[in-house]
1. Exactly one of (1) hydrophobic (A, V, I, L, M, F, W, C); (2) within 24 Å of VAL21 (Cα to Cα); (3) at pLDDT below 85 is unmet by ILE65. Its number?
2. Of all residues being among the charged types (D, E, K, R) and surrounded by 12 or more Cβ atoms within 10 Å (Cβ to Cβ) in the stretch 78-103, which is farthest from the chain's Cα centre (by Cα)? Just the residue, please.
3. Scan the stretch 86-113 for residues that are assigned to a loop (DSSP other than H, G, I, E, B) and modelled with pLDDT of 85 or more and jot them down.
4. If you go through the stretch 52-93, how many residues are farther than 24 Å from VAL7 by Cα, touching a residue at least 12 places away in the same chain (Cβ under 8 Å) and of a type in the set (Ser, Thr, Tyr)?
5. From the residues in the stretch 1-20 that are within 13 Å of LEU52 (Cβ to Cβ) and touching a strand residue (DSSP E or B) at 6+ places or on another chain (Cβ under 7 Å), which one is surrounded by the most Cβ atoms within 10 Å (Cβ to Cβ)?
6. Criterion first (within 18 Å of MET103 (Cα to Cα), in contact (Cβ under 8 Å) with a residue 40 or more places away in the chain, of a type in the set (Gly, Ala, Ser) and part of a loop (DSSP other than H, G, I, E, B)) does ALA26 satisfy it?
7. What are the residues in the stretch 30-50 that are aliphatic (A, V, I, L, M) and either crowded, with 22+ Cβ neighbours inside 10 Å or not in a loop (DSSP other than H, G, I, E, B) (or both), if any?
8. Are there any pairs with C-beta distances below 9 angstrom linking a residue in the stretch 1-19 that is modelled with pLDDT under 95 to a residue that is polar (S, T, N, Q) and part of a loop (DSSP other than H, G, I, E, B), with the two at least 6 apart or on different chains, and if so which?
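The values are calculated or read from the model by the stated rules, or taken from the named source; none is laboratory data. The model shown is predicted, which means the values in this text are computed figures rather than measured ones. Because the Cβ atoms are built from the backbone with ideal geometry, glycine has one as well, and the counts that use them run over all protein chains shown.
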Amino acid sequence: MWAGDLVDPFWTLRTVAGTEVIFHLAALIAIPYSYIAPQQFLAVNCTGTLNLLEAARSSGVERFIHTSASETYGTAQHTPMDKKHPLKGQSPYAASKIGATRMRHMPRAAATPRPKAPGCWAPWVMSAASAFLPTKT
């Protein structure tokens, strides 16, 4: 795991160099704070994802695994909720995660395989710290 600023495209490019697989878990996640500082959430969650995708594409990363969040679905429209459930985020945080998910579908990012993992939880994700796990062999 690396500590740095995903909003800085030069940092992401340097950090991703030589990486084969990226597990992108990075996000600002404190939902109440997203109402106070929505720009910061968009910068980290959307621009940070874009920077990682661009760095991965430029560096020839073989696999990019991006996690999302259940918050992107909002209130259940049907149960059980599945991949066909509409994205109906109800907070700036959810909107930023929807935006990050949509970044994966941009034509410029298409050169990088990018399967989507479902929302995840891990102890280190419960803080505002961002994390992604590049793997180097």
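1. It is condition (3) that ILE65 fails.
2. Of everything passing the filter in the stretch 78-103, LYS88 is farthest from the chain's Cα centre (by Cα).
3. PRO86, LEU87, LYS88, GLY89, GLN90, SER91 - these are the residues of the stretch 86-113 that are assigned to a loop (DSSP other than H, G, I, E, B) and modelled with pLDDT of 85 or more.
4. 2
5. Once the filter is applied, the top-ranked residue is VAL16.
6. So ALA26 fits the description; yes.
7. ILE31, ILE36, LEU42, ALA43, VAL44, LEU50
8. ALA3/SER130; GLY4/SER130; ASP5/SER130; LEU6/SER130
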